[in-house]
1. Restricting the calculation to Cα positions, tell me the Rg (one decimal) and the Dmax (whole number) of the range 107-153 in Å.
2. Any chance you could get the radius of gyration and Dmax over the Cα atoms of the range 1-158, in Å?
3. Of the accessible area of the chain, with the probe set at 1.4 angstrom, what percent is carbon plus sulfur?
4. Tell me whether the range 1-87 comes out rounded, prolate or oblate; compute the Cα gyration tensor, take square roots of the eigenvalues as a ≥ b ≥ c, and use a/c under 1.5 as the rounded threshold.
5. Which of the aspartates and glutamates could be linked to residue 121 by a straight reach, that is with a Cα gap under 15 Å, when you skip same-chain ones fewer than 8 residues away?
6. For the chain, give the share of DSSP beta bridges that are antiparallel, in percent and rounded to the nearest 5; count only bridges with both residues there.
7. Using +1 at the C-beta of Lys and Arg and -1 at the C-beta of Asp and Glu, which of 106, 151, 139 has the Cα lying farthest in the positive direction of the dipole of the range 95-153?
8. Would you work out if the range 26-70 is rounded, prolate or oblate? Take a ≥ b ≥ c from the square roots of the eigenvalues of the alpha-carbon gyration tensor; rounded if a/c is under 1.5, else prolate when a/b is larger than b/c, oblate otherwise.
Amino acid sequence: AINSIDILIALHACDSATDDAIWFAIGRDADIIVTAPCCQHELRPQIDSHTTNNPDHPLSDVLRHAIYRERATETVTDAMRAILLEIAGYTTQVFEFIGGEHTAKNVMITATKVKRHRSDKEQEEWLQERRRRLIELAQLYGVKRQRLAMLMGESIVSGGGNDSKTATRNLSGMAPL
């Protein structure tokens, strides 16, 4: 297809720019997506608020420390991105791509488009399981919105009604405003 791309590489795309790059790649049916996310700010206020408002939370003794909230924000953001990429039809890996002595931002997410080998019923069950896990992760940390999920039309709140048909594919490849 004229609008398709083979590979997308986004290195240190700040905050939700990583989500925009991933969405661009998904919309162009990229075979391979390689991202090195940077400064995951979008979820931090949500996690901070959730921590403050839920002192008996199972992770309260961890998340009461700002450094751990920052690390949790990075981890949760990128874990959600990996799950969303799987929902979009990719296999994913998240790993350290360079030693910590060179940069603190050394996580890479890779995604490879997969050919479906499941029956329609098996695929739907698999998708529902991935969506359930995405919602549970979001709920654990008090996340109610995440840009890539919004772009894909995937709800991250319980009872939000995920429908893959609601995803808006903007032919320009740019995220809708």
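1. Reported Rg and Dmax, both Å: 13.2, 34.
2. 16.2, 53
3. Working: 5320 of 9850 Å².
That fraction is 54 percent.
4. On the way: a/c = 3.42, a/b = 2.76, b/c = 1.24.
It comes out prolate by the Cα gyration axes.
5. Residue 121 reaches 129.
6. 65 percent
7. Among 106, 151, 139, the one farthest towards the positive end of the dipole of the range 95-153 is 151.
8. Judged from the Cα gyration tensor, the range 26-70 comes out prolate (a/c at least 1.5, a/b above b/c).
The values are calculated or read from the model by the stated rules, or taken from the named source; none is laboratory data. Since the model is a prediction, treat every value here as computed from it, not as a measurement. Cβ: placed from backbone, ideal geometry, glycine included. Neighbour counts: every protein chain shown. Just the protein is used for accessible areas: all its heavy atoms, side chains included, with ligands, DNA and RNA removed. Shrake-Rupley method; radii C 1.70, N 1.55, O 1.52, S 1.80 Å.
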